[in-house]
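Everything on this sheet refers to the single structure shown next.
Read-outs: derived from the displayed coordinates by stated rules, not from any lab. Since this is a predicted model, take the numbers as computed values, not measurements. Heads up, the Cβs are rebuilt from the backbone with ideal geometry, glycines too, and the neighbour counts pull from every protein chain shown.
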Amino acid sequence: MNTALTLRPTLYEELVPGGGHTSFVLKRGQLLRITDIEGGANVSLLLFNALEKSERLNLPDTLKCQHTAKLTAGHCLYSDMGKVLAAITADTCGWHDSFGGVLNADEVLEKYVRLIWLALRSWYAMYF
């Protein structure tokens, strides 16, 4: 599901290099736009309630309460106290993998497909 982005005036812009990090307070009503300018990037996101530092993003609850494994426009990001910390208002990617973590296509093939193939080959060799 691709939703058209409504462009708003940019208040702040920062280029974060691969492996880098940034931190800031995002206030209610403000928009965070994450753009992959080269393609193939992954982003890790950690959210805290600015007024209650012990309240943080809880991805399992976020997925369970919305009965989904794929986050996209229209979904909310919930805290460990059951409150909405943020909402995905637009999405040009289509959906975001909440399970795979920071992986690229080659790493997925190596981690899952190759290991499964090796296990099946070993199993076959043991019994046939």
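Let me check I've understood the local charge: for GLY82, count other residues with C-beta under 15 angstrom from its C-beta, Lys and Arg +1, Asp and Glu -1. What total comes out?
Computed value for this residue: -1.
A full extension of the chain between SER98 and LYS64 corresponds to an added length of 11.1 nm, given 0.36 nm per residue minus the alpha carbon distance. Just to confirm a number: summing +1 for Lys and Arg and -1 for Asp and Glu over residues other than PHE48 whose beta-carbon lies under 11 angstrom from that of PHE48, what do you get? It works out to a net charge of -1. Here's the list of lysines a cross-link from LYS27 could span, going by alpha-carbon distance under 23 Å and ignoring same-chain residues fewer than 8 apart: LYS53, LYS83. Taking every C-alpha pair closer than 8 Å and separated by at least 6 residues, the mean separation divided by the residue count of segment 1-97 gives a relative contact order of 31 percent. Ordering of 38-46, 86-94 by packing is 86-94, 38-46, highest average first (other Cβ atoms within 10 Å, averaged per residue).
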